[in-house]
Amino acid sequence: MAALLIFMILLGWAMEDNEARFQLHKSVGITILFLALARLGWRFANPPPSLPEGMAPLEKTASHAVHVAFYALMIGVPLVGWFMVSVSPFQVSTVLYGVLSWPHLPFTDGLRSEAVYGVAEFFHSKSAWLIFGLLALHVAGAVKHEIGAEDGVLKRMLPGLFGKTEPPALPGRGFIFAFGGSLLLFAVIAVASMFGSGGNGGAKSQTAPRIEGNWDVDYSASEIRFDGAHEGRGFGGVFGAWTADVAFYPDDLERSAVQVVIDTRSIRTGTKLYDDNLRGKEWFNPGEFPEAVVELSDFAEAAGGYTATATITLKGSAVRVPLGFTLDIAGDEARLSGSAELSRKALDLGQSSDPGAAYVADEVTVTLSGKATRRS
Ligand code: HEM
Ligand code: HEM
């Protein structure tokens, strides 16, 4: 844990807006919290032997005070870090080691502000110096009592190696209580967050179709895909669940219309951190807006294909963008392929934490590919 703490301080000083490092910092920090709680439980079940007799009372008090302060820091610093990410206006999800969604602290919504974050960050960052200061005292004490006249305290920590003191009776008491208790607490937190973000997967669409379709979409052969860039690297994903009502008459474009209803909870990129963020409030906010609706109108023939206007209704507001697509109709079967360029800003996605597109590029390309059969 000493090594992890030092690593965390050095990492904390070198995060430089690098999201992967932030996520690692949060992952190791929560691990330290887990270990510290387990360690505290272990200590209650296994009190350490009393200090060497020759130690001055003041030294005993000082040693005890440093230990208490270390325990307070091992628990307090990660808790403050967790509080910081919970109240930060820059709402980024935490995914421990890239696999486990970790929730924000409960009841912190009302505290979200730059000012509250600033106060917490002050204590969080200054704690590094407190840890280094205490470490100097702690190591000085250990060394002094090692080379002094007493039965070395360092040797007490490694009885098997030095053989100067009796090794403690093994196994130590309370292993299950200490580690099991801590593990249970963390499992409850992780599972609770899963229920919070899960939503009702199989809910029926709330949006009534406004179109009398004449084509049936083959969903297994159709895809709505999006591609963007984060920190200069490309990322992409799909919406796994959507329905489309298609009325398309190549000879009567006036009469043609398409309505697509997308289940925003079904967004997936293959990277848990992106998925968790995209399902967050400032992105697609599926908890409040489980559906996005896309309506195609104003169809016109263009070189090699068609153009249309896509009206995207997302989180209650509508944005119109041009869409270009090609259509291959063979008998009663049609294959579509199209794309549109969207702006994250226009769609109000991620606008509180990254309005300037410093991390996530503003441009998003949406690619459509689909297969449909004409109704008889
Ligand atoms: C940030 C790093 C460190 C932290 C947070 C830390 C924390 C602690 C804590 C909380 C205790 C008391 C355990 C208990 O009674 O429950 C302890 C004991 C001890 N630590 Fe560390 N420690 C750190 C680094 C070190 C280092 C580098 C050394 C070696 C020079 C060391 C040597 C000792 C010794 C000898 C004891 C036993 C004292 C006794 O017998 O009462 N520690 N440490
Ligand atoms: C014992 C565990 C931890 C230690 C020792 C630690 C230490 C540090 C240090 C030294 C910094 C750099 C502060 C600065 O000078 O700017 C930092 C930054 C940060 N830490 Fe931790 N941390 C710990 C746990 C956590 C946890 C569990 C979280 C969140 C879940 C967290 C979130 C952050 C954040 C968001 C920053 C960036 C602050 C900013 O620059 O705005 N930390 N941490």
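The values are calculated or read from the model by the stated rules, or taken from the named source; none is laboratory data. Here the structure is a predicted model, which means the values were calculated and not measured. When we count neighbours, we look across all protein chains shown, and the Cβ atoms used for this are built from the backbone with ideal geometry, even at glycine.
Residues are listed down the side, and each one gets a yes or a no for (1) surrounded by 14 or more Cβ atoms within 10 Å (Cβ to Cβ); (2) near ligand 2 (Cβ under 9 Å from one of its atoms):
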{"residue": "I6", "(1), (2)": "yes, yes"}
{"residue": "L10", "(1), (2)": "no, yes"}
{"residue": "N18", "(1), (2)": "no, no"}
{"residue": "F22", "(1), (2)": "yes, yes"}
{"residue": "S27", "(1), (2)": "yes, yes"}
{"residue": "I30", "(1), (2)": "yes, yes"}
{"residue": "F34", "(1), (2)": "yes, no"}
{"residue": "L37", "(1), (2)": "yes, no"}
{"residue": "G41", "(1), (2)": "yes, no"}
Item to check | Pair list, Cβ < 8 Å and 6+ apart or interchain, from the range 50-79 residues that are closer than 16 Å to A3 by Cα to residues that are assigned to a loop (DSSP other than H, G, I, E, B) | outcome: M74/M1
Checklist entry - Restricting the search to the range 7-37, which residues are of a type in the set (G, A, S) and over 23 Å from L154 (Cβ atoms)? => result G12, A14, A20, S27, G29
Checklist entry - Quick one: in the range 104-134, which of the residues that are among the aliphatic types (A, V, I, L, M) and in contact with a helix residue (DSSP H, G or I) (Cβ under 8 Å, 6 or more places away or on another chain) is nearest to ligand 2 (Cβ to nearest atom)? => result A128
Checklist entry - In the range 68-92, which residues are more than 11 Å from ligand 2 (Cβ to nearest atom) and at pLDDT below 95? => result P89, Q91
Checklist outcome for this item: Looking across the range 16-55 at residues that are outside any helix (DSSP H, G or I) and closer than 30 Å to M84 by Cβ, the single one that is farthest from ligand 1 (Cβ to nearest atom) is D17
Item to check | Residue pairs meeting the criteria (Cβ under 6 Å; at least 6 apart or on separate chains; first closer than 13 Å to D252 by Cα, in the range 299-310; second outside any strand (DSSP E or B)) | outcome: F299/L253; F299/S256
Checklist entry - If you go through the range 315-351, how many residues are under 18 Å from A221 (Cα atoms), of a type outside the set (A, V, I, L, M, F, W, C) and assigned to a strand (DSSP E or B)? => result 7
Checklist outcome for this item: Scanning the range 67-90 for residues that are over 16 Å from T31 (Cα atoms) and surrounded by fewer than 17 Cβ atoms within 10 Å (Cβ to Cβ), the one nearest to ligand 1 (Cβ to nearest atom) turns out to be H67
